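Reading through the structure tokens given below for one structure.
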Amino acid sequence: MYKTLLTSIENNVLTITINRPDKLNALNTEVFSDLNNSLEEIENNTEIRSAIITGAGTKAFVAGADITEFSRLNKEDAMAMSKRGQDIFLKIERCNKPIIAAVNGFALGGGCELSMACHFRIASENAKFGQPEVNLGLIPGYGGTQRLVQLIGKGRALELLMSGNMIDAHEAKQFGLVNHVTSADNLLEQAKLILSVINSKAPLAVAACIKAANAVYDEKIDGFDLEIKEFGNCFATEDMKEGVSAFLEKRKAIFKGN
Ligand code: COA
């Protein structure tokens, strides 16, 4: 089904593995196209309640956009490439099912940007994050200048963007870029464990959490207004009735997503 991705579904979690390990999983046009299709799969397949994005092999999550595709681009081509990448990463960010990055090595350039478009990140001990585009006379083009500032603050972000320096997993955790650091062997298990907890909650409430958190960064939306509406919408769901009844009856809620 995909040329550059491996996928599997287990316990309602789709694991997407970007599979170009000999090129450190660099994002070429084909990977973007496959990623775009996988987002449709996440949206349309009711068996999938959440997803993990990771990289094949032990060395890299994604070492960036595929630099070999750069030399033939002019200014207009580059802008179109940036727009397409941004649009696909926005779909990840706006997906109504949780998508988390399990960063298993280098997350550089487009790889760091991909991880930042996910709802949150966990990392293996050997993970390294950076935006080394300045080394190529470039800046990030897939939302990295925006999301890095949002996630770690302007001063830290500008130092990384302007120096091209990498940070390791522990520094990334200290900066708030990743939520957890674990051994490489345990990374996927930990991601699945976190998602098993989230998957046990009411899906419409989980989707509303994503929408409301994203509103913080959208100047066109008043996040507080949106919160009021989403809070009200929850009261019209069967799952909210079930959640409140289950609490009062001292039993575990069984959510159905409606
Ligand atoms: N685009 C295309 N190919 C890439 C790539 C990228 N972003 N990153 C790595 N590769 C390829 C290398 O060219 C090499 O291919 P080859 O075996 O055919 O020569 C292969 O992946 C292995 O990478 P290599 O550089 O040999 O590994 P390393 O351990 O010496 O170094 C990195 C690892 C991540 C430090 C180094 O690959 C690197 O700096 N990559 C580019 C990072 C970058 O600038 N990303 C932002 C792009 S905008």
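Working note: Debye formula, equal point scatterers on the alpha-carbon atoms of the range 109-258, no solvent; log10 I(q)/I(0) at q = 0.09, 0.17 Å⁻¹ is -0.40, -1.04.
Computing FRET efficiency as 1/(1 + (r/R0)^6) for residue 7 and residue 149, where r is the C-beta to C-beta distance and R0 is 35 Å, gives about 0.65. When the helices of the chain are scored as -39500 (n - 2.57) per DSSP H run of n ≥ 4 and the total is divided over every residue, the value at 222 nm lands at -14500 deg cm²/dmol.
Scanning the chain for long hydrophobic helices, with DSSP H runs required to stretch 24 angstrom or more by C-alpha along their axis and to average at least -1.0 on the Kyte-Doolittle scale, returns 75-94. Past 21 Å, Cα to Cα, is the threshold; run 75/220; 97/211; 23/128; 97/256; 192/250; 201/256 against it and keep the listed order. In this structure, 75/220; 192/250 exceed 21 Å between Cα atoms. Here the translational diffusion coefficient of the range 72-171 follows from Stokes-Einstein with Rh set to the Kirkwood radius across Cα pairs; for 37 °C and 0.692 mPa s it amounts to 237 µm²/s. Under 5 Å between amide hydrogens, built in the peptide plane, is the criterion, and for residue 55 it picks out 18, 104 among residues at least 5 positions away or on other chains. When only the Cβ of Lys, Arg, Asp and Glu is charged (+1, +1, -1, -1), the dipole of the range 182-258 relative to its Cα centre reaches about 380 debye.
Please report 3, 59 as a ranked list, fewest other C-beta atoms within 10 angstrom at the top and most at the bottom.
The most exposed by this proxy come first: 3, 59.
Each residue in 29, 145, 68 was given a count of other beta-carbon atoms within 10 angstrom of its own, and listing them fewest first yields 68, 29, 145. For the range 118-246, averaging the sequence separation of C-alpha pairs within contact (under 8 Å, six or more residues apart) and dividing by the residue count gives a relative contact order of 26 percent. Semi-axes of the equivalent ellipsoid of the chain are 32, 20, 18 Å, computed as sqrt(5λ) over the eigenvalues of the C-alpha gyration tensor in descending order.
Label positions at residue 229 and residue 189, each projected 7 Å from the Cα along the C-beta direction, are separated by 4.4 nm.
Taking amide hydrogens as placed 1.01 Å from N in the peptide plane, the amide H of residue 14 sits under 5 Å from those of 49, 50, 51, 52, each at least 5 positions away in sequence or on another chain. Charges were assigned to the Cβ only: +1 to each Lys and Arg, -1 to each Asp and Glu. The resulting dipole of the chain about its Cα centre is roughly 300 debye.
Rank 177, 193, 35 by mean-square fluctuation in a GNM of the chain with C-alpha springs under 10 angstrom and give only the top-ranked residue. Comparing 177, 193, 35 in a Gaussian network model of the chain, the most mobile one is 193. Which shape class applies to the range 154-235: rounded if a/c is under 1.5, otherwise prolate when a/b exceeds b/c and oblate if not, where a ≥ b ≥ c are the square roots of the Cα gyration tensor eigenvalues? Here the range 154-235 falls in the oblate category. Amide H contacts for residue 5 (H built 1.01 Å from N in the peptide plane; partners 5 or more residues away or on another chain; cut-off under 5 Å): 19. The distance from the alpha carbon centre of the range 165-209 to that of the range 15-88 is 20 Å, rounded to a whole number. Less than 20 Å from a label point 7 Å out along the Cα-to-Cβ axis of residue 44: which backbone N atoms in the range 1-24 qualify, by residue? Under 20 Å, as judged by backbone N against the label point of residue 44, lie 1-10, 12-17 of the range 1-24.
When 70, 129 are arranged by Cβ crowding within 10 Å, least crowded first, meaning fewest neighbours, the order is 70, 129.
Taking label points 7 Å from Cα along the Cα-to-Cβ direction, residue 96 and residue 251 give a separation of 2.8 nm.
Read the figures in this text as sums done on the coordinates, not as results from a lab. Since the model is a prediction, treat every value here as computed from it, not as a measurement. Every residue, glycine as well, gets a Cβ built from its backbone with ideal geometry; the counts of neighbours run over all protein chains shown.
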